[in-house]
1. Within the range 155-177, is there a residue that is outside the structural domain of Arg7 (by TED's automatic domain parsing), part of a loop (DSSP other than H, G, I, E, B), at pLDDT 90 or above and under 22 Å from Ala115 (Cβ atoms)?
2. Residue check, Ser99 against (1) at pLDDT 95 or above; (2) surrounded by 15 or more Cβ atoms within 10 Å (Cβ to Cβ); (3) under 30 Å from Leu157 (Cβ atoms), all met but one. Which one?
3. Would a scan of the range 79-88 turn up a residue that is surrounded by fewer than 21 Cβ atoms within 10 Å (Cβ to Cβ), assigned to a loop (DSSP other than H, G, I, E, B) and modelled with pLDDT of 90 or more?
4. Gln109 is checked against (1) farther than 22 Å from Gly3 by Cα; (2) modelled with pLDDT of 95 or more and fails just one. What number does that condition carry?
5. Would you point out the residue of the range 238-261, among those that are without any contact (Cβ under 8 Å) to a residue 60 or more places away in the chain and assigned to a helix (DSSP H, G or I), that is surrounded by the most Cβ atoms within 10 Å (Cβ to Cβ)?
Amino acid sequence: MSGRPIRLAIGAVTPHTRRAIEAALRLAHATGRPVDCLFVEESELFDAASLPITRELGVVAGGARRFEPPDLARALERQAEQARRELAQHAQRQRVAWSFATARGRLLQSALERAGEDDTLVIGVPGLELEASLGGAAGDGGRDRLLAVVESLPRGLSTLRAALDALPRVPLTVWQRQSLEGARAAIDEALAALGRERGQPLQRFAPAHDGEPTVADVVGRLRPRLLAIEREALVATAPELWRALRRLGITVVAGPRDERG
C-alpha cells in the first residue's frame with residue numbers, strides 16, 4: 001500500500017463512530033492507502049468534569065458521586081483502547097495498514113491540524129440522538145443516504161469519489177452550496193459522467209423553498225449517514241454545521257479540492 005493515509009478522527013466508541021471506522025477502512029481499501037486514526041479526548045469534557053457540580057450516577061452502587069478529571073481520563077483511556085482494538089480487527093480483515101494515536105483537544109480542530117492540505121479526512125461524530133443510532137427516524141429512509149456538498153464541479157469530484165468509496169451502493173444526493181448562474185448544465189454533465197463511471201445514478205438536491213439554505217439546514221432535512229464536503233467548506237460552515245453533526249451523529253468525509261478538474 002502507498003500514498004498519504006486516510007486521516008480518521010474519532011472521540012468516542014459509539015454506533016456512529018464505528019460506522020466512521022468502517023467508512024475509513026473501505027476508502028483505504030479502495031484506494032490502496034493506510035488509515036491513520038486519531039482518538040481525541042474532548043477538552044470540553046474535561047472542562048465539565050472540573051465543575052464542582054459534576055456527578056456520576058452509578059447503576060450498581062446507586063446514587064451520585066463526585067466525578068473528577070482523573071476519572072474522565074481513565075474512562076477515555078479505556079475508550080481509546082477499545083477503538084484501537086476494533087480498528088486493528090477490522091483493518092486486519094480488510095488487509096489495510098493502520099496507525100493509532102491519541103490527543104486532547106477538540107475533535108474537528110484536532111482532525112484538521114493533523115491532516116495535510118492534500119489529505120482526505122474521515123471524522124466520526126459520536127451523535128446525541130438515540131433514534132439515529134438505531135437506524136433513523138421512521139419515514140426518513142433509514143438514513144441510508146449519502147449527501148455531498150460541493151462548491152463546483154468538476155473541481156469537487158475528488159470529494160465525491162472519496163464518499164462513494166467510503167459508502168458504496170448507497171444513494172448519493174449532491175447539493176451545490178453556492179448556486180452560480182449558468183452552472184447547472186456543467187454540474188449535471190459532471191454528475192452524469194460520474195454516475196456512469198460508478199454504475200449508479202446521482203441525484204441533485206434542489207431546495208423547495210425560496211432563499212439559500214445553510215449546510216446545516218440541508219443536513220438537518222436530509223439526515224444523511226455520511227456527509228461529503230470539501231475541507232474549506234467544512235471550516236467555513238462551522239460551528240453551526242458542527243452542532244447539527246453532533247446532534248445527529250454523522251460521518252464526515254472531507255476531501256481536498258480537485259485542482260485537476
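The values are calculated or read from the model by the stated rules, or taken from the named source; none is laboratory data. Since the structure is predicted, the reported quantities are computational estimates derived from the model, not experimental observations. Please note: Cβ atoms are built from the backbone with ideal geometry, for glycine as well, and neighbour counts cover all protein chains shown.
1. Yes, some residue in the range 155-177 is outside the structural domain of Arg7 (by TED's automatic domain parsing), part of a loop (DSSP other than H, G, I, E, B), at pLDDT 90 or above and under 22 Å from Ala115 (Cβ atoms).
2. That leaves (2) as the condition not met.
3. No, because not a single residue in the range 79-88 is surrounded by fewer than 21 Cβ atoms within 10 Å (Cβ to Cβ), assigned to a loop (DSSP other than H, G, I, E, B) and modelled with pLDDT of 90 or more.
4. That leaves (2) as the condition not met.
5. Leu241
Residue by residue, here is whether (1) surrounded by 12 or more Cβ atoms within 10 Å (Cβ to Cβ); (2) at pLDDT 95 or above; (3) of a type in the set (Phe, Trp, Tyr) holds:
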site	(1), (2), (3)
Arg7	yes, yes, no
Ala12	yes, no, no
His29	yes, yes, no
Asp36	yes, yes, no
Leu45	yes, no, no
Pro52	no, no, no
Val60	no, no, no
Pro69	yes, no, no
Arg74	no, no, no
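Here is a yes/no grid of residues against (1) in contact with a Leu (Cβ under 7 Å, 6 or more places away or on another chain); (2) loosely packed, with under 14 Cβ neighbours inside 10 Å; (3) assigned to a helix (DSSP H, G or I):
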| residue | (1), (2), (3) |
| --- | --- |
| Ala206 | no, yes, no |
| Ala216 | yes, no, yes |
| Gly220 | no, no, yes |
| Leu227 | yes, no, no |
